[in-house]
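Everything below concerns the one structure shown next.
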């Protein structure tokens, strides 16, 4: 089963039926405007059109057991089109990452964003550009005909990589730094402590179960919360624990039963370089 998902796709095109995929999903708010479709989810042959916000669609795709072989996002409608966040941002890709196969194709145009939104593509994947003479190449112009994609829209082979470092800071708390998305571990965590810079996602993440927004909270507040609520396993994103010294001190001096495991997750390779350098000097690595 080969699956392509096109986020912020714009309208359906009949030519999608000719693509070499068993299932194709188009995610776009434009499908909400089709009045005769009551639930805003409908199909044309092997193409499923989903009329909803891209962030909101992730849970639906998970429930449908969708696993992405090809991810497409080219013309998102930022600004005049009403788009409020970048589909290729760390925020969105990290949240969507549980859908990605360990090896998948990613079609995007980084130049599209200019200075509108920050897009790094610094992810826990080995990334190799697929050139036009490769049989794996899929032309971006199938999905968007705009001239500004010429020379800038790229097709990448993405291969999952992961780097996990464990440190012995405490006899009672297991501490790991993991180069991966926190959302790949969401089900096994008791709490996900996050703090995203405003990229247009509004309060979407604040509404999710098991999520704590670290805005206006300290590391001490979180440890107290863990003790009061008997939280065994907690994960942090980088911005959620910028006070690394306070975090290390709390782990080293804690004598409470909770939390039992702390995991720091990061998409960008050097997010935790400061804390890793600190620990490599002062702490014996397991």
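The values are calculated or read from the model by the stated rules, or taken from the named source; none is laboratory data. Small disclaimer: the values here were computed from a predicted structure and weren't measured. All Cβ positions, even for glycine, are placed from backbone atoms using ideal geometry, and neighbour counts span all protein chains on display.
Out of 87, 68, 24, one residue alone is modelled with pLDDT of 95 or more, in contact with a strand residue (DSSP E or B) (Cβ under 7 Å, 6 or more places away or on another chain) and within 26 Å of residue 196 (Cα to Cα). It is 68. For region 156-171, residues that are surrounded by fewer than 16 Cβ atoms within 10 Å (Cβ to Cβ) and modelled with pLDDT under 90 total 6.
Scanning region 100-116 for residues that are surrounded by fewer than 20 Cβ atoms within 10 Å (Cβ to Cβ) and closer than 23 Å to residue 57 by Cα returns 101, 102, 103, 105, 110, 113. In region 142-155, the count of residues that are in a strand (DSSP E or B), at pLDDT 85 or above and surrounded by 12 or more Cβ atoms within 10 Å (Cβ to Cβ) is one or more.
Matching residues to (1) under 22 Å from residue 85 (Cα atoms); (2) under 15 Å from the mean Cα position of the chain (by Cα):
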{"site": "161", "(1), (2)": "no, yes"}
{"site": "173", "(1), (2)": "no, no"}
{"site": "195", "(1), (2)": "yes, yes"}
{"site": "212", "(1), (2)": "yes, no"}
{"site": "218", "(1), (2)": "no, no"}
{"site": "226", "(1), (2)": "no, no"}
{"site": "243", "(1), (2)": "no, no"}
{"site": "247", "(1), (2)": "no, no"}
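May I ask you to verify whether residue 74 is surrounded by 14 or more Cβ atoms within 10 Å (Cβ to Cβ), touching a residue at least 12 places away in the same chain (Cβ under 8 Å) and assigned to a helix (DSSP H, G or I)? No. The numbered conditions (1) surrounded by 13 or more Cβ atoms within 10 Å (Cβ to Cβ); (2) over 17 Å from the mean Cα position of the chain (by Cα); (3) free of Cβ contacts under 8 Å to residues at least 24 places away in the same chain are all true for residue 190 except (3).
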